[in-house]
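Single-structure report; data block below.
The values are calculated or read from the model by the stated rules, or taken from the named source; none is laboratory data. Please read these numbers as outputs of a predicted model, since none were measured by experiment. Every residue, glycine as well, gets a Cβ built from its backbone with ideal geometry; the counts of neighbours run over all protein chains shown. Ligands, DNA and RNA are stripped out before the accessible areas are found, and what is left, the full protein with its side chains, is counted by its heavy atoms. Shrake-Rupley method; radii C 1.70, N 1.55, O 1.52, S 1.80 Å.
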Amino acid sequence: MGELTAADLYQRLAGTAPPRVLDVRNAQEFARWRVEGPHPVDVLNVPYFEFVEREEASVRKVTDWLGGRLGDLVVVCAEGGSSAYVTEILRGQ
């Protein structure tokens, strides 16, 4: 899947089977604001640089969180570049 707008993501989070959200911003930015929806959002924060420095461990952290299946996952960051990079890593798995 391609890029989503904030409104598109909100609509998906409001649906009957909302996606899980992988936030790849750094810990400080993650602490400042988080993705919100009309219902609690299942979010995991694994910073982009962890994927750069420890790709295999980061992928394992995500797949463990997802129960071994990538399923319906949305990767988010502040501007789109980091999330696109991580999405390609996860697609390669």
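Net charge in the neighbourhood of Pro47 (other residues with Cβ under 12 Å of its Cβ; Lys, Arg +1, Asp, Glu -1) is -1.
Distance from the Cα centre of the range 43-92 to that of the range 1-42, in angstrom? About 14 Å separates the Cα centre of the range 43-92 from the one of the range 1-42.
Roughly speaking, to the nearest percent, how much of the range 1-66's 1.4 Å accessible area is carbon and sulfur? In the range 1-66, the share of accessible area belonging to carbon and sulfur is 51 percent. In the assembled protein chains, Leu73 presents an accessible area of approximately 40 Å² (probe radius 1.4 Å). Calculated mean residue ellipticity at 222 nm for the chain: -13000 deg cm²/dmol, from DSSP H runs with n ≥ 4 weighted as -39500 (n - 2.57), summed, divided by the residue count and rounded to 500. Per residue, the accessible area of the range 17-93 comes to 61 Å² when a 1.4 Å probe rolls over the protein heavy atoms. Would you mind estimating how fast the range 19-93 diffuses translationally, via Stokes-Einstein at 25 °C and 0.890 mPa s with the Kirkwood radius over Cα pairs, in µm²/s? Translational diffusion coefficient: 198 µm²/s. When Arg91, Arg20, Arg32 are compared by accessible area of protein heavy atoms, the largest-first order is Arg32, Arg91, Arg20, using a 1.4 Å probe.
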